[in-house]
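Notes to accompany the following structure.
The values are calculated or read from the model by the stated rules, or taken from the named source; none is laboratory data. Fair warning: this is a prediction, and the values are worked out from it, not measured in the lab. Note: ideal-geometry Cβ built from the backbone for every residue, glycine included; neighbour counts use all protein chains shown.
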Amino acid sequence: MSKNVIYLDYAATTPCDTRVLAEMIPYFCDVFGNPNSLHSYGIDALDGVDKARIRIKGLLHSKFEETVFTSGATESNKIAIVRTMQALAKSGKNHFITLKTEHKSVIDCVDYLKRNGIETTLLDVQHDGLLDLDHLADSIKDNTGLVSFCFVNNETGTIQDAKKIVEICRDKGTLVHTDATQAFGKIPIDVSDLDVDFLSASGHKIYGPKGVGIFYFKHSNRKFISIPGANHEVEFGIRSGTVPVALCVGMGIAAEIANAEMAENLKHVRKLRKQFIDGIHASLDETYINGSETSNYPGIINMSFRGCEGEALMMEASGIAVSSGSACTSNKLTISHVLAAMQIPADIAQSSLRITIGKSTTEQDIDVAINELIVASKKLRAISPVWDIIISGSNVDSIFSKRY
Ligand code: PMP
């Protein structure tokens, strides 16, 4: 079934690159040793993990002993935020700051910290999703231990000014973490230049396997995140259990390929983004891009099709696989917390779709997507009472305030 559907959801996950799979395969049956074992089987397996770590180092410009493999960015975020804040709170640094537009895995950490007596601040963002840097500086207090921000937003593609955010945190004496899941391997990141304390990333967003990610930490910060007293600790004492060698190998080679092909991929997705946006704007009125037009990763397009509910549009345009910014739960429409934080009006937010482009997306795929969305939008608008109100020039705010 899905073979006939054009995949445009690369921010959700990517297919495993066949070159990645080829590199991983020997580590399932041939080089199967436990990297903790001292015999040659163990040494060969450890060699695979070490090589993968060197490949990550090549992409991030980190030191060898500053990256560990995790089960994915969710776990990396949790190590950075929960473990660090628990350690810092003991010395009175018991305030954590992040943005309202963060990924769910970070918002979950905020809830956990709150339940455990740690003070948390969720910062507003501007209409384009960018953080107001003065607002950040003003929000950092003497007891602020850590600031965490998403490098590239997973719903809108907006790229934060990471360099300036880190500088502000440095000036104020606060540690800083970035969830770089949607940036890693897609736009250049040099941790030695950025000077960030912690960074999270994932394998399956860069054509690597699912179930593996990386966590970067400045070596001087290891004291905050190591597992105290664990007797089965691996990965420099940051994790426990047996290292999944094949997954680490896959993550390493995926990072190396992403690094080598980054410029070419960026050029490719930038061209297709323009084709898509121009194509939709040329045929459909009342369509808007959500997120920054000037600071974005071009592979993520968040577009609103006024008068159409995102979920309905997604289902109507069944020839493409995309994701929507609204969800219907218990007969109530909920809009994306990211678009809500950007103060996108409810009727525009609920009509949003996220279309994400990957390295194997073609111009023909984009043409099909444009056509599908034009046909589907026209069909939904024809039966939408909201659309009638919009084109009559009346205000729809009152209808939406009753529905959310
Ligand atoms: N952060 C961001 C910004 C993401 O996009 C995702 C994946 N949707 C995650 C964290 C979680 O990644 P993983 O699936 O590797 O746990």
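Which residue pairs have Cβ atoms under 7 Å apart, sit 6 or more places apart or on different chains, and have a first residue in the range 299-310 that is hydroxyl-bearing (Ser, Thr, Tyr) and a second that is surrounded by fewer than 24 Cβ atoms within 10 Å (Cβ to Cβ) and modelled with pLDDT of 95 or more?
Ser304/Thr287; Ser304/Tyr288
How many residues are within 13 Å of Tyr112 (Cα to Cα), of a type outside the set (Val, Ile, Thr) and without any contact (Cβ under 8 Å) to a residue 60 or more places away in the chain if we restrict to the range 76-90?
Total satisfying the criteria: 2.
Among strands (runs of 3 or more DSSP E) lying entirely in the range 92-198, which contain 2 or more residues that are surrounded by 19 or more Cβ atoms within 10 Å (Cβ to Cβ) and either within 12 Å of the ligand (Cβ to nearest atom) or among the polar types (S, T, N, Q) (or both)?
Once the strands (runs of 3 or more DSSP E) in the range 92-198 are filtered for at least 2 residues that are surrounded by 19 or more Cβ atoms within 10 Å (Cβ to Cβ) and either within 12 Å of the ligand (Cβ to nearest atom) or among the polar types (S, T, N, Q) (or both), what remains is 95-99, 144-150, 175-179.
Return the residues of the range 258-289 that are touching a helix residue (DSSP H, G or I) at 6+ places or on another chain (Cβ under 6 Å) and under 24 Å from Thr13 (Cα atoms); say none if nothing qualifies.
Asn259, Leu272, Gln275, Phe276
When you scan the range 263-284, do you find a residue that is surrounded by fewer than 22 Cβ atoms within 10 Å (Cβ to Cβ), within 16 Å of the ligand (Cβ to nearest atom) and within 19 Å of Lys57 (Cα to Cα), even just one?
Among the residues of the range 263-284, not one is surrounded by fewer than 22 Cβ atoms within 10 Å (Cβ to Cβ), within 16 Å of the ligand (Cβ to nearest atom) and within 19 Å of Lys57 (Cα to Cα), which makes the answer no.
Is the range 33-51 home to any residue that is in contact with a strand residue (DSSP E or B) (Cβ under 6 Å, 6 or more places away or on another chain) and either at pLDDT below 95 or closer than 16 Å to Gly208 by Cα (or both)?
Scanning the range 33-51, I find no residue that is in contact with a strand residue (DSSP E or B) (Cβ under 6 Å, 6 or more places away or on another chain) and either at pLDDT below 95 or closer than 16 Å to Gly208 by Cα (or both), so the answer is no.
Inside the range 26-45, can you point out the residues that are free of Cβ contacts under 8 Å to residues at least 12 places away in the same chain and among the hydrophobic types (A, V, I, L, M, F, W, C)?
Correct list: Cys29, Leu38, Ile43.
Does His219 satisfy the criteria of being within 16 Å of the ligand (Cβ to nearest atom) and either modelled with pLDDT under 95 or touching a strand residue (DSSP E or B) at 6+ places or on another chain (Cβ under 9 Å) (or both)?
It is false that His219 is within 16 Å of the ligand (Cβ to nearest atom) and either modelled with pLDDT under 95 or touching a strand residue (DSSP E or B) at 6+ places or on another chain (Cβ under 9 Å) (or both).
What are the residue pairs meeting all of these: first residue in the range 193-210, first residue on the phi < 0 side of the Ramachandran plot, second residue among the charged types (D, E, K, R), Cβ atoms under 6 Å, and 6 or more apart or on different chains?
Sorted first by the residue in the range 193-210, then by its partner, the pairs are Asp197/Lys218; Ser200/Asp179; His204/Lys210.
Would you mind listing the helices (runs of 4 or more DSSP H) fully within the range 338-404 where at least 3 residues are at pLDDT below 95?
Qualifying helices (runs of 4 or more DSSP H): 346-349, 385-391, 397-403.
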